[in-house]
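In what follows, a structure is listed as structure tokens, so that the remarks can point back to it.
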Amino acid sequence: MKNTNEVLGVMKTDEPELLTPGIPSAKKTSDKKPVAEKAGEMKTQVLPKTSTPIVGWTDDSSDWRAPPHASITAKAPAPKVLEAQNLDVFYGPNHILSGVSFNLYQGDTLGLLGLNGAGKSTLLKVLAGALAPHAGVVHIGENELYQNPISARMDIGYAPDKPAIYPEFRVIEFLKFIATMRRLPKAEMKNAIDDVIERCALTGVRRRIIGNLSTGFKQRVNLAQALIHSPRILILDEPATGLDPVQLIEMRELVSTLSADQATIFSSHDLHEVSSVCNRVLLINDGQSILDASLEQLSNANNVTIDLKLTNNADIDLANLPGVEAACRISAAHWLVTGNAMMKQHLETMLTVRGHTVISITETDNYLETVFRQLSTTHNNVKTDTSNTGIEL
């Protein structure tokens, strides 16, 4: 009886079997010594069946060798929907924003944090196309915001801190006006209006005059006008202002439902709100971005937070040290660093071999709360006018 190879017409060859590192060959290996290779023949190197990678800290404790990835299959990155590069804004002689840069990806819910006067509202206005920067660029998808403003703004929904509403309009009239301004086709307009009225819980007041509504309902109308055209990017400046506890919960749920297909940026004064809704935070202080990290990186569940003080203010890229997840500069020589337990053990050694002298390394509590406590203390120490020292996030 013919074998399978003969039936299929497969020719038998003497080509060597291809070996994959770490996977034993199906053929039985020969005990014979290898024969010397003839001139011109290709040499095939057979790798060991198993190998143990070097994982951990090297002898000088200044370099961390990470284990290899368990799988070569990588998840495709989410599309980038916004890119801000080196944004500068001046109000007279005051430098309100200085070199702010960050990216926003589809599915991101970014919490914008900072003290009073840090530049949060100014940054949101720039990103929404309401205030042109003195320097820097903003890309919304493929469009540069201030070179192709009409195309770019079609992808943006903006709800400012002071509701962008006309108080003399009825709710449904105002939303119809906004839908027209957003160039929604007439065939889609009714469904779009009904959808945002339901999502923003405005059904009971849809025919009421906006000026007669409570602060909370005005805030909902403000949110509805930002959502009506289904933008790719939603920008919310203090969206929870004036909401009662029930409305606040509904607001969080609404923002959470948006995150799958859209990207959201919002400022908030509630760290719990940021932690429950956002997956990333951007912290600005005195107009500069000092922290851009995911909440997973900042979490104390698997990481530790270190309060670090040095003797000098030399520039050092702490965020790129082995084991460090995020680093925030509080002042010239004062840092808050979060990372894994191995980072904590070897941080002082890594800094010493790089020529830095450490004054203190102290493990501390929740990263974000610690950052704001430290920033508030530093801010108050240098303020000449102490009448406005509260924390605004």
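The values are calculated or read from the model by the stated rules, or taken from the named source; none is laboratory data. Treat the numbers as computed from the prediction; the structure is a model and nothing was measured. Backbone-built Cβ (ideal geometry, glycine too); neighbour counts: all protein chains shown. Only protein heavy atoms, including side chains, enter the accessible area calculation; ligands, DNA and RNA are left aside. Shrake-Rupley method; radii C 1.70, N 1.55, O 1.52, S 1.80 Å.
Some points to look at:
- Elements of the type strands (runs of 3 or more DSSP E) sitting completely within segment 72-139 and holding at least 1 residues that are in contact with a strand residue (DSSP E or B) (Cβ under 7 Å, 6 or more places away or on another chain) and open to solvent by 30 Å² or more (accessible area, probe 1.4 Å): these cover 80-91, 94-105.
- Which numbered condition Val337 misses (of (1) of a type in the set (A, V, I, L, M); (2) surrounded by fewer than 20 Cβ atoms within 10 Å (Cβ to Cβ); (3) over 20 Å from Ser98 (Cβ atoms)): (2)
- Positions within segment 160-191 being outside any loop (DSSP other than H, G, I, E, B), open to solvent by less than 60 Å² (accessible area, probe 1.4 Å) and more than 25 Å from Thr215 (Cβ to Cβ), in sequence order: Met189
- Test: Ile178 is out of contact with any helix residue (DSSP H, G or I) (no Cβ under 7 Å at 6 or more places or on another chain) and among the β-branched types (Val, Ile, Thr): no
Residues are listed down the side, and each one gets a yes or a no for (1) more than 16 Å from Ile235 (Cβ to Cβ); (2) open to solvent by 10 Å² or more (accessible area, probe 1.4 Å); (3) not basic (Lys, Arg):
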{"position": "Asp270", "(1), (2), (3)": "yes, yes, yes"}
{"position": "Glu273", "(1), (2), (3)": "yes, no, yes"}
{"position": "Val281", "(1), (2), (3)": "no, no, yes"}
{"position": "Asp286", "(1), (2), (3)": "yes, yes, yes"}
{"position": "Ile290", "(1), (2), (3)": "yes, yes, yes"}
{"position": "Ser299", "(1), (2), (3)": "yes, yes, yes"}
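- Selected residue [among the basic types (Lys, Arg), under 30 Å from Leu368 (Cβ atoms) and without any contact (Cβ under 8 Å) to a residue 24 or more places away in the chain] from Lys176, Lys190, Lys186, Lys162: Lys162
- When segment 247-272 is filtered for residues that are free of Cβ contacts under 8 Å to residues at least 40 places away in the same chain and either within 20 Å of Asp292 (Cα to Cα) or of a type in the set (Phe, Trp, Tyr) (or both), only His272 remains.
- Pick from segment 225-263, criterion buried (at least 21 other Cβ atoms within 10 Å of the Cβ) and small (Gly, Ala, Ser), ranking: farthest from Tyr166 (Cα to Cα): Ala263
- Residues in segment 192-205 that are farther than 16 Å from Gln247 by Cβ and buried (at least 17 other Cβ atoms within 10 Å of the Cβ): 2 in all.
- Being closer than 26 Å to Ala78 by Cα and hydrophobic (A, V, I, L, M, F, W, C) is a description that does not apply to Ile193.
- Within segment 107-137, the set of residues being over 21 Å from Leu368 (Cβ atoms) and either in contact with a helix residue (DSSP H, G or I) (Cβ under 6 Å, 6 or more places away or on another chain) or polar (S, T, N, Q) (or both) comprises Thr122, Gly129, Leu131, Pro133.
- Scan segment 142-159 for residues that are more than 21 Å from Val281 (Cα to Cα), open to solvent by less than 50 Å² (accessible area, probe 1.4 Å) and in contact (Cβ under 8 Å) with a residue 60 or more places away in the chain and the total you get is 1.
- Note on segment 156-192: residues that are modelled with pLDDT under 95, touching a strand residue (DSSP E or B) at 6+ places or on another chain (Cβ under 8 Å) and of a type in the set (D, E, K, R) amount to 1.
- Qualifying residue in segment 358-373 (condition: of a type outside the set (Asp, Glu), more than 25 Å from the chain's Cα centre (by Cα), modelled with pLDDT under 85 and open to solvent by 80 Å² or more (accessible area, probe 1.4 Å)): no
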